[in-house]
Amino acid sequence: MNTGTPLVSVVIPAYNAEKTLAQTLRSILAQTYQQLEILVVDDGSRDGTFELAKEYGLSDPRIRVLRQENGGVARARNHGVREARGSYVAPIDADDLWHPRKIELQVQAIGTLPMGLGVAYNWYAAIDGNDVIFGHSRPVLHEGDVFEAMVRENFIGNGSTPLMPRAEVLACGGYDAGLRDQGAEGCEDLKLYLALAARLPFALVPDFLTGYRFTAGNMSSNATRMLKSHALVMADIKRRHPALADTATLAEFDTARWYFKKAFSGGDYGQARKLVPILVREFPSMLAVRAVRDLWRSAKRQRRRLLKRLSGKSPVSPKGAAPIDVALPVSGTSFYGLIAAAPARQNGSFTEPRADRL
């Protein structure tokens, strides 16, 4: 497949997104890669989302606005993918941001794959409602056949990052809207990534090119629903790939534990209390093993700090740590500052939106 300058269809599911959609559109319109069509799928919004999107469409012919009855993010994404004209699709939620070179670098990465066909991803910076960074994804280095790694963890981590071949997304059935119908909305992106990983190689752009927004009340903050969604996806993996059953169970445990730690550290003790019986009931032996492992690791860290103080030298990196030649996002700084500071972003033209356009 020729990946020189393929048309890339950006799909934006938008439900009551009037407050954030303008910023998202600006980050897309600032892309250095120009071969884009931009599909805003209004998912039955009751605010000014549709009108705002239409206004932006008047100023850029690449923008098309679609409308549907409220059916959830998976159905909205699927609608956009079906209507897309590009050979590749790039979804982004209506409150997330992209670095200006995100699509350009991903197209280049896919061009290095056999036959120029596959999925490209990058790392993300976690941002709050004011675009301020408060964390980031683990800079994993998975490439090629990533299926087992994807079972182990959703290392992409969100629905606003991958660049995917449209025909393959359709061949996999798109996003599973049935999870929402079961009260388990949340892991539709993971299920699709697993289906794609079983068919295609993945390529990594090793930089933090997605600003993934966490706000109170968003889907990723509802731990019990996300865990139910994840369990259904992992149950399907266990049926289809019994050799990976233990890996899938470990992934379920780590996901539940991550949500517990996130709730507890964020002061959401009500949600943390709901997660404790799930962990104890579903994963008692894993809890015990992990507790011992954490104690051992804590002791090793304390030993390294003590040796550093005694010797005055920096401690040796833990065994297996993979150094990366990319500056990590700094908590407390703006995502726009990350764009301006990173060497890989010298050619970007993304500027912070004016208040009068938000």
Legend entry - Hits in region 207-233 - residues which are in contact with a strand residue (DSSP E or B) (Cβ under 7 Å, 6 or more places away or on another chain), modelled with pLDDT of 90 or more and either assigned to a loop (DSSP other than H, G, I, E, B) or not aliphatic (A, V, I, L, M) (or both): D207, F208, T210, G211, Y212, R213
Inset, instruction - Go through the residues of region 79-87 one by one and say whether even a single one is within 19 Å of the chain's Cα centre (by Cα) and under 26 Å from L170 (Cα atoms). - result: yes
Legend entry - Failed item, numbered, when D93 is tested on (1) closer than 19 Å to D189 by Cβ; (2) without any contact (Cβ under 8 Å) to a residue 40 or more places away in the chain; (3) part of a loop (DSSP other than H, G, I, E, B): (2)
Inset, instruction - State the number of residues belonging to region 119-150 that are on the phi > 0 side of the Ramachandran plot and surrounded by 16 or more Cβ atoms within 10 Å (Cβ to Cβ). - result: 1
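Residue-by-condition table, conditions (1) in contact (Cβ under 8 Å) with a residue 24 or more places away in the chain; (2) not aromatic (F, W, Y):
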{"position": "P162", "(1), (2)": "yes, yes"}
{"position": "L170", "(1), (2)": "yes, yes"}
{"position": "A195", "(1), (2)": "no, yes"}
{"position": "F264", "(1), (2)": "no, no"}
Inset, instruction - Go through the residues of region 162-175 one by one and say whether even a single one is more than 17 Å from H79 (Cβ to Cβ) and under 16 Å from the mean Cα position of the chain (by Cα). - result: yes
Legend entry - Number of positions in region 279-304 that are modelled with pLDDT of 70 or more, more than 20 Å from E252 (Cβ to Cβ) and not polar (S, T, N, Q): 3
Inset, instruction - Hey, could you check region 25-39 for residues that are under 17 Å from G57 (Cβ atoms) and in contact (Cβ under 8 Å) with a residue 40 or more places away in the chain and say which is surrounded by the most Cβ atoms within 10 Å (Cβ to Cβ)? - result: L39
Legend entry - Residue among G337, G320, G332 that is at positive phi, at pLDDT 65 or above and not hydrophobic (A, V, I, L, M, F, W, C): G332
Inset, instruction - Kindly provide the set of residues from region 62-83 that are closer than 18 Å to I103 by Cβ and either touching an Asp or Glu at 6+ places or on another chain (Cβ under 7 Å) or surrounded by fewer than 18 Cβ atoms within 10 Å (Cβ to Cβ) (or both), ordered by number. - result: R62, R64
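The values are calculated or read from the model by the stated rules, or taken from the named source; none is laboratory data. As the structure is a prediction and not an experimental result, all values here were calculated from the model. Virtual Cβ from ideal backbone geometry, glycine too; neighbours counted across all protein chains shown.
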